[in-house]
Amino acid sequence: MLRRTLPVALLAAALLAPAAMYAQHAPTLGELARKEQERRKGLTASPAKVLTNQDLPRATTPPAPPPAAAEAPAQPPEEKPAEKPQEPGQDEASWRQRMSQAREELRRNEMFAEALQTRINSLTNDFSMRDDPYQRAKVAEERSKAILEMDRVKADIESNRKAIAGIEEDARRAGVPPGWLR
């Protein structure tokens with residue numbers, strides 16, 4: 001029995017000794033609070049430097065003129081035209097309306113193209129199911145009209161996409177924020 005308790009007692013003593021030593025050297029809560037208070041006093045004694053625009057270095061090179069200004073002939077400063085008031089059609093509402101109309105037209109044409117494709121598929125299926133040459137000729141004629149209409153609608157869709165890209169390019173050139181076109 002003594003042989004069993006001796007290793008257990010030694011193990012317990014070995015584990016508790018560092019804990020007892022740590023407990024003796026650990027600072028109390030009051031000591032920690034005093035140290036923190038002293039640290040904070042040292043921080044408020046030397047205030048932090050606040051940076052302003054005057055503290056920043058000035059740019060040594062002038063900004064490059066916009067491409068349109070570089071191509072235009074230089075005017076004397078006294079002949080500068082007065083700033084124009086914002087033109088009608090150049091505000092956020094007009095840009096949003098312009099873009100939404102173009103997108104709506106594109107959406108309508110795409111839906112029409114889907115409907116035409118369904119019609120063409122149906123006529124193709126109907127053509128293959130008919131035995132009567134007269135009925136087949138009528139179905140073939142309707143199908144060819146639908147295919148021609150589909151070609152026209154696809155061209156419209158492409159022109160709508162180009163129109164949207166054109167509006168985006170015009171807005172970029174005019175300096176319109178991208179959020180106005182959403």
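Tabulated data for the structure shown
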{"read-out": "Extension gain, residue 39 back to residue 135 (0.36 nm per residue minus Cα-Cα distance, nm)", "value": "24.8 nm"}
{"read-out": "Full-extension gain in nm, residue 170 to residue 5, via 0.36 nm per residue minus C-alpha separation", "value": "50.4 nm"}
{"read-out": "Dimensionless Rg ratio for the range 92-181, taking C-alpha atoms and the 2.2 N^0.38 Å reference", "value": "1.60"}
{"read-out": "Length added when fully stretched, residue 58-residue 159, from 0.36 nm per residue minus Cα-Cα", "value": "31.5 nm"}
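Rule-based calculations on the coordinates, nothing more; no lab input. Everything quoted here is computed from the prediction, not taken from an experiment.
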